Amino acid sequence: MPAPCTKLASNRKIAALRPSPSLPLPLIGFVFSIPNPSKAPVGNWLCFFNPAPPASGWVRFFNSALQIGLEARNRPASKKHRPNWVRFFKSRTLGARSRRLGSFFQPCPTRLRLGSFFQIPSRIGFEARNRHPSTPPFPIGFVFSNHPRQLASKRRMPCRAASTFFIARAASTGQRLQWLFPMRLALAQINNTVGDLDANAAKILEFAQRADQLSADVTVFPELALTGYPPRDLVEKHSFLDRTATALETLAAQTANLKTALILGYVARSPENSAIRAQNAAAVIQNGRIIFKQIKMLLPNYDVFDEARYFLPGTQQEICELCNTKIALAICEDGWNDKQFWQQRRYQRDPVEELVHKGAQIIVSINASPWNIGKRHEREDIFRATAKRFGLPLVYVHMVGGNDQLVFDGTSFAMSAQGEVVARAKSFEEDLILFDTCANKGDDHSNHVIDDDAAFQALVLGTRDYIRKCGFRSVLVGLSGGIDSALVAAIAVEAIGKENVIGVGMPGPHSSDHSLADARSLAQNLGIRFEVVSINAGYSAMLGTLNPLFTGYLPDTTEENLQSRLRGVTLMALSNKFGSLVLTTGNKSEIAVGYCTLYGDMCGGLAVISDVPKTMVYRLSRIANKRALEQGRPSAIPENTFVKPPSAELRPDQKDTDSLPEYPVLDAILEAYIENYRAVPEIAAQLNIPEDLVRDIVRKVDRNEYKRQQAAPGLRITRKAFGVGRRFPIAHRFTE
């Protein structure tokens, strides 16, 4: 048995190092490692753990080539409260002694055990733990790195230096250590297209190459990164599943020369003889091969999700091991079921908990979770609770872009074991950020805005991607001079550029002069092409054609809707001729109560603001003007458009309030009924308004389901949008 450390170190140059209060607590151990020792003249580290009573326990290790060593000791509490210390020293004599001590060591190539020497591929090192801290509880938890003939502190050593350090943490003193091995993760936040396998694979390869140049050990991509989300009935096609499998194998082969491993989502074929053909899966690619696959267990089947219809759930998940680190790989919903966060859970199983119990050291969650107002805060709260509950760092990688009605905001992040966000990607843009598990920090590219500003960005992104992914280059917007069409035009200009937007004014028999003037002024401010096509001649011709059949009937909404439908015919004719997509301009408030014309103003390929209540339309329009000024352009939307009473101008002196309550009241009723499913008496009591008014609005909502199911797809930005996330029968007789 060697002599006490103090005697071994006597009369030699010693650098004494004591615990620092700045160390993150509880940090109760340390690990030292040298990668690729055969390529650098640094020798092999040897360590000796004294299994004597912990009060006098100490640990030494020596380097035989450089003849330097480190010793750490845990002594009982003293009056000076300095029971734990670490010394670094250099001595030829100690080097010789280290060789003699080598007989005490046992190699451990696959599993690390406390108090043991370990050797893993290309890495040799040691681990030590302070089981009995004193009062105050200073930890031994120093981490040192041995660059050739140089000592560096644990906080500033890069992960890919000649020597690498590992940090050991535990939730509390005496608990089993959670070892964090050095890993640099790249969070690749990409915008893919559903079904475009070749383009998606090329983008994954591009981001992986960028991450590899940044020395990332692992590059993580979103859920269904290869296939796009949601693929819906594409998964029923055998050809789609076959080509997805081929694309994955090809992608793996193309990454053979990369040092970074890849984690990405894709659609896998179900086991043979399964009734459901596909599974939502994640693949891990390393050295040109697919080395691991994980199957999603929890399949959401609510709101906009139909995964239980399309995918066969996994029954068991396993730990993925990369860079000698055990990873809990969760696919979206698998990580959203923390039983300590939700009072009412949708699922009984918690896949993350099960993986942590299998020894996971870090949680990686890949996601394709559609954005809505308030979603980002909810998301961070959920995963913060998960990180803190298990005391593990967490990586959340999210898709960005628009696919049909759904918008994905990106905003990927990494969290420390304490639930602190230590790395964050951009919102509503593609991005690549790094997270270093050793330094416990990463890139901060955050460009976050909240509430209405975020809603505006979501609409711009969703509009841009819908247009481009559907193969269009330009759009048509009917400009009435009102606030709705003005906002849609402003969004379109931000989405695809002013040169690709055509505004069309279509004055009719009841259009006011200021409406056409406001529309023209808007077009000039935006710098877009503006055309005027009067519907007066067509309206007169249609009345002449129909008058024999209308004899004996008084004018009513028929004549009003005829004007709207003539405008729809005009826009669709221009769409056919120019090859441009028509953007509809109806807002959520009007669509909810049927204050829109089927085959008229509802004509078009995308309903940009169909999930935007009228009161929000005004707020987003102010944001559009603010953004224009910030970009050096004049305010897009004329002030007169904000102040004049909203009107469809389909009859003389018409105002929206002739048929509807004031929009603040209407929107409050609609939010309570549509988004929160409140009953009529409850809404009336909550808003302190007559129950008859609420009942009238609710009946209008219910009666106009047939219109909404024939409307253009609309971008979703609230918790409950019309479309795939809200499914009511058309023919029914249930009334509130």
Under 17 Å from K259, Cα to Cα: aspartates and glutamates that are on another chain or at least 8 residues apart: E206, D212, D217, E321, D436
What whole-number distance in Å separates the alpha-carbon centres of region 340-358 and region 679-699? 39
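What is the order of T227, T437, T615, fewest Cβ neighbours within 10 Å to most?
T615, T437, T227
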Are there trypsin sites (Lys or Arg not before Pro) in region 222-291 that DSSP marks as loop and that have at most 15 other Cβ atoms within 10 Å, and which are they? K237, K259
Give the separation of the Cα centroids, region 555-598 to region 274-296, in Å. 46
Just the projected area, averaged over all directions, of the convex hull on the alpha carbon atoms of region 313-403: how many nm²? 6.7
How would S274, S511 line up from fewest to most surrounding beta-carbon atoms within 10 angstrom? S274, S511
Could you work out how far apart the two model spin labels at L554 and R727 are, taking each label as a point 7 Å from the Cα in the direction of the beta carbon, and quote it in nm? 4.4
Whole-Hz Karplus ³J(HN,Hα) for region 699-714, in order, using 6.51 cos²θ - 1.76 cosθ + 1.60 and θ = phi - 60°, x for Gly and Pro? 5, 5, 4, 5, 6, 9, 4, 5, 5, 5, 6, 10, 7, 5, x, x
Full extension from H377 to Q213: what is 0.36 nm times the residue separation minus their Cα-Cα distance, to one decimal in nm? 55.8 nm
Could you go through region 391-406 in sequence order and give the Karplus-derived ³J(HN,Hα) for each residue, using 6.51 cos²θ - 1.76 cosθ + 1.60 with θ = phi - 60°, rounded to whole Hz, and x for Gly and Pro? x, 10, x, 9, 10, 10, 10, 10, 6, 10, x, x, 10, 6, 7, 9
Would you tally the net charge around R708, using a Cβ to Cβ cut-off of less than 14 Å, leaving R708 out, and scoring K and R as +1, D and E as -1? +3
Given R₀ = 25 Å, FRET efficiency for M572-Q709 by Cβ-Cβ distance, to 0.05? 0.80
For K655, list the aspartates and glutamates whose Cα falls under 15 Å from its own Cα; do not include residues on the same chain fewer than 8 positions away. D484, E560, E590
Pairs over 31 Å Cα to Cα, from K296/K498; K358/K441; K203/K626, come to K296/K498; K203/K626
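On a 31 Å Cα-Cα criterion, which of the cross-link pairs K293/K588; K339/K707; K469/K644; K375/K469; K644/K707; K339/K720 come out too long?
From K293/K588; K339/K707; K469/K644; K375/K469; K644/K707; K339/K720, over 31 Å: K293/K588; K339/K707; K469/K644.
What does the extension gain come out to for D658 and F734, with contour length at 0.36 nm per residue minus their alpha carbon separation? Working shown, then result.
On the way: separation 76, 0.36 × 76 = 27.36 nm, distance 2.74 nm.
Contour length minus the Cα-Cα distance gives 24.6 nm.
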Under 5 Å, built H, 5+ apart or other chain: amide partners of C320: I327, L329
So how do H510, H377 line up by other beta-carbon neighbours within 10 Å, fewest first? H377, H510
DSSP loop (so not H, G, I, E, B), at most 13 other Cβ within 10 Å: list which chymotrypsin sites (Phe, Trp or Tyr not before Pro) in region 528-570 pass both filters. Y553
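Readers should treat all values here as calculations from the given coordinates under stated rules, not as data from a laboratory. Given the structure is predicted, the values throughout are model-derived calculations rather than measurements. Note: ideal-geometry Cβ built from the backbone for every residue, glycine included; neighbour counts use all protein chains shown.
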